Structures are given as C-alpha cells and as structure tokens.
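Working notes for the structure below.
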Amino acid sequence: MMTGRVSMGLSAGMAVVMAGFLGCGFATTESGPGALPKDVVEVVAAPDVPPEAVAELPPGDPGSGPWQVQGPADWSTNSGLKPRAVHVTWQGDPAHTVTIQWQTDTAASDGYVPKVWIVPAAEAGEGPDGTMPFQDARVFTGTGFTYQAFDDVSPDGLVDRSQWTVEVTGLDPKTAYRYRAGTWSAFDKAAATFATPDLSPVQDVRTGREPGDRSAFRFVSAGDSRTGSDKIRENAPRLAQVDADFWLFNGDMTEVGSQPEWDEWLDAMSPILATSPLMPIQGNHEVFADLFYYQFAMPQIGTLPDDMKEHGWSFTYGNMHFVGLDSNTEASVVAQKDWLDADLAEASIDPDIDWVVAMFHHPAYSASPSHGSTQRVIDNWVPIFEKHGVALAFAGHDHDYERSFPIRASQKVEDGQGPVYVVVGGFYSPGYSAGQDWWTFVSHHGDKGNYAVVDVDGKNLTVTAYAGYGDEILDTFTLSK
C-alpha cells in the first residue's frame, strides 16, 4: 500500500519518478535505506474518503434494510473499473479486522470511491453470485492511488493501475464473512439494486482468533516462486483446499517485480487469495520495491523509520505472535533491530502468547551451496531470537528445503532451548541443490518444490513440509511447550 513513507513524496496529490528496467544485477540491490530503483513513472493520490467504519454489523430496522440483493458474478458496467487481483492482508487485529485490496485499470481522478460490502457468511448465499443482505452499515470505504508502471506488453511500454485499499473493522472473531469489493454510484432501495456497479464476485474471508485463544488453527508458509506462476496456477486449486487460516510468503514472488509479473502472480494465486489472507515480506527479487509495497497493505509500525514502515511488521493470532522482517541489506536489518527487540520482549512476557514465529527472506542458517547462511541475520537478529524465545524462523532465498536442529549460541541444543530454522524456498521456483552442515537436521533438493503446512493446537505445533505437487511429505516435526 502507498503510504506517506513512499519515496515519491506526494505533494499536491502528485509526484513523478523516472526509472528504467535494470539488467540482471538484482542480487545486490537494496531495500529500505538506500532505496531500490522503481518500476514506476507516475503516482497520483486519489481523494481521501473517510472510512464508514462501524463497531458492528447490525441487522438494522425495516426502514433501513437489509435488502436481499443478488447480482451476477461478473457484475461490472465499465471494464476499466472491473476489480482485479482482489486479496486480503491484515493491517490491524486479525480477530476483528481485514484489509481488502484490489486494482482497476483506469485512473483514480474521476471520483471513484472504493467500497467493500461485507456480511456474515451465515446470512449470505453460496457461490460467486450468492445473495447478500445490503444496508449502509455493511459498507466500508477506503482510499487509493493511481500509478503508471513500465510494461513490456503495452504499445507505449506503460501500464496504468489504480490500487484500492479498504480496512474493514468491528468484525467478530473466528467468523466467516462474504464480501464484494469495488464501487457503485447509488443503491435503489425500491428495486434493491445498484446503479453502475463494478464489483468483484462474492469472495470469502474468515477472521482470526483473539489473543490467548488456544483453539487449533493452520497456516501455510511458502517462498520463492520467481518464474513459477504457471506451476502455481496448476496447483493453486488444490492448495486452496488446504483450508489454511492464512498464508505467509517469505519473498521472491516474482523475477524482478514488474507490474506484468505482479498481474500474473496475483492471478495465478487467486484461488488461494479468494479465501485466505496473505502476509508477505520483500525478497531480493522484488527489485522494484515500491511496486511490492503498492500491491500489499501491511501493518504500520510507528517506531520504525519512515522508509522502513511495512518492511517489518508483527501481529498476534490466537496464542502465536508473528514477525515479518526485511533482510535484504545490512542497513535494513540494522534499522529493524531495536523495534524487533522491543516487540519480542513484549511478546515474551505476554501470558496470551505461547509461540513466537519469525519470517524473513535470507536464511540465518542454510547449507545450500547456492547462497548459504546470512551473516547479517546471524549477527543482528539471531541473538534477539534466542533472547526472547522465538521457536521457529522461516526463510527462503535458497530454493530447497532444510530444517536445522534447535540452535543457541551457534551450537545445537535440546528441543525447546533455541529456535529451529526452516528454509522453505521452493514454491515452484527453479530448484537449488541442498547441503549438509553441523546445524542440518534434514534437507531436500529443490527440484521437487516445497511448502510447509503448520498446525497449531494449543501448546503443540506441527510442521509438515510437502513437495510442490503435494504428493510427498518431505519432513514433519512437532514442537511442544
């Protein structure tokens, strides 16, 4: 999501940045302090729209609805305003909020108001065209911006995008909801229909658990797809059936992070994104860094430097606390260090939190000959992980699978005495060779691909790593408190 920290420095609603495509030397590019080059030539801020947030979603009285409304799955009157790449993240409390994002093709300067119409699933019909009760109290509005990015498909080499973000608040925890994202100009109460609707199909989202809720939940941890969008498209319908409460992605979704690559990746992931929130962090192959942060609205950490907001984030889901970190450069690692220490210190004494999990792109410990361990992570973050009882750390970068023994002070220790480091970097990217070193418990070459399903049940945590096509278990282990 574009925020005030974006280096374009929006003034008078507009800023212009010129950039060109890079060559292949992206392995040494920087993020955060030192700023990456940008695949963006123009950004125009849309008018701010005060959110119509409500504390709850009341049924209303007969004079104010609700009205039962059903429209086609493809409910659009203007092809340029048809919502695309609809997906969900969290900027706030996962138990009571969701942040819904989408794009349109036309510019944001013509009064477009982004809206999300959301209802409890128990009150809605099934399918992408299911009936939903409508009333004003069930509508939330948000903000957006327009940018023009370089593109290798359009005749003039440029592509227009408008990015929209709506944070829905006041939801009930552990509750299934159905929603449509987009806009309309008016609602005709007599006919119970919209004027000029441009709406997504009906999609599903489920709110999270409140802090301290120790009931079972599941998430998926994955990373490194790069050029693998076709294989994602092939496997996504099956992966959507994993029934994960949410997904973590440790970076390198794309080869360089151009807009056509994002369009392809988000479309390939759509069966998963239609039902599960996604919490990603930037990898080194998200070369055009601003485009990465335009696609995803992440938590805003007030104590991080302005140019690092959204690079590092944390949230608590049930009895587990998560931190996502930007490991791309020495400068970005150091810039997050004080916040990370304070965040994990608070989590470590919170009686509602049993588990702490970290995610970043560059692995602390990796025996792969392709990249291997990352010294800046070992020097700056590993002591903080050990100090505050991080149980599990996911990374990618090396396109293989590897699990470490528990480690403390650069030595193998007994279960529960130090973090376990897992490299899960094979979400349909080109495979790398695995290796073995003193810390390696198990490793697998990356030619089969991989992802991990994590089941949390109170004080037990089970990780099952699968080959990319789901037909082989590469590893399984359980941690207990």
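General observations
- Shown for the chain: lysine pairs separated by 8 or more places, or found on different chains, whose C-alpha atoms are under 14 Å apart, numbering 5.
- Distance between the modelled labels on D457 and I473, one decimal in nanometres: 1.3 nm (7 Å Cα→Cβ projection).
- Point-to-point label distance, S480-E126, nm (Cα→Cβ direction, 7 Å offset): 3.9 nm
- With R₀ fixed at 60 Å, the C-beta to C-beta distance from T196 to H445 puts the FRET efficiency at about 0.65.
- Histogram of C-alpha separations across the chain, 10 Å bin width, %: 4, 21, 31, 27, 13, 4, 0, 0
- Inverse of mean 1/r across different Cα pairs in the stretch 385-444, Kirkwood, Å: 11.9 Å
- On the basis of the beta-carbon distance and an R0 of 22 Å, A73 and D110 show a calculated FRET efficiency of 0.30.
- From helices alone, the chain scores -3500 deg cm²/dmol at 222 nm; the rule is -39500 (n - 2.57) for each run of n ≥ 4 DSSP H residues, then divide by the residue total.
- Charge sum, other residues only, whose C-beta stays under 11 Å from W313's C-beta, Lys/Arg counted +1 and Asp/Glu -1: -2
- Counting neighbouring beta carbons within 10 Å and listing from fewest to most, the residues K231, K481 come out as K481, K231.
- Value of D in µm² per second that Stokes-Einstein yields for the stretch 434-481, Kirkwood Rh from Cα pairs, at 20 °C (1.002 mPa s): 181 µm²/s
- Sites A342 and S410, calculated FRET efficiency, Cβ-Cβ separation with R0 30 Å, nearest 0.05: 0.75
- The stretch 287-308 and the stretch 111-160: distance between their alpha carbon centers, rounded to Å: 21 Å
- Cβ crowding within 10 Å averaged over residues, with 235-243, 205-213, 127-135 ranked highest first: 205-213, 127-135, 235-243
- For the chain, the longest principal axis of the C-alpha atoms and the axis of helix 259-268 are separated by about 90°.
- Against the main long axis of the alpha-carbon atoms of the chain, helix 229-240 sits at an angle near 80°.
- The length gained by stretching the chain between K174 and D437 to full extension, at 0.36 nm per residue less their Cα-Cα distance, is 90.5 nm.
- Helix axis angle, 337-348 relative to the chain longest principal axis, alpha carbon, degrees: 90 degrees
- Footprinting exposure proxy for K82, K174 (fewest neighbouring C-beta atoms within 10 Å first): K174, K82
- Rg/Rg_globular for the stretch 217-480, with Rg_globular taken as 2.2 N^0.38 Å and Rg from C-alpha atoms: 0.91
- Separation of the stretch 375-423 from the stretch 193-233 is 28 Å, based on Cα centroids.
- An oblate overall shape is assigned to the stretch 84-223, the ratio a/c of its alpha-carbon gyration tensor axes (a ≥ b ≥ c) being 1.5 or greater and a/b not exceeding b/c.
- Ascending count of other beta-carbon atoms within 10 Å, so fewest first, for M253, M269, M308: M308, M269, M253
- Net +/- balance of residues flanking T374 in space, Cβ distance below 11 Å, scoring K and R +1, D and E -1: -2
Read the figures in this text as sums done on the coordinates, not as results from a lab. Just so it is clear, the structure is predicted and the values come from calculations on it, not from any experiment. Glycine gets a Cβ as well: all are built from the backbone with ideal geometry, and neighbour counts include every protein chain shown.
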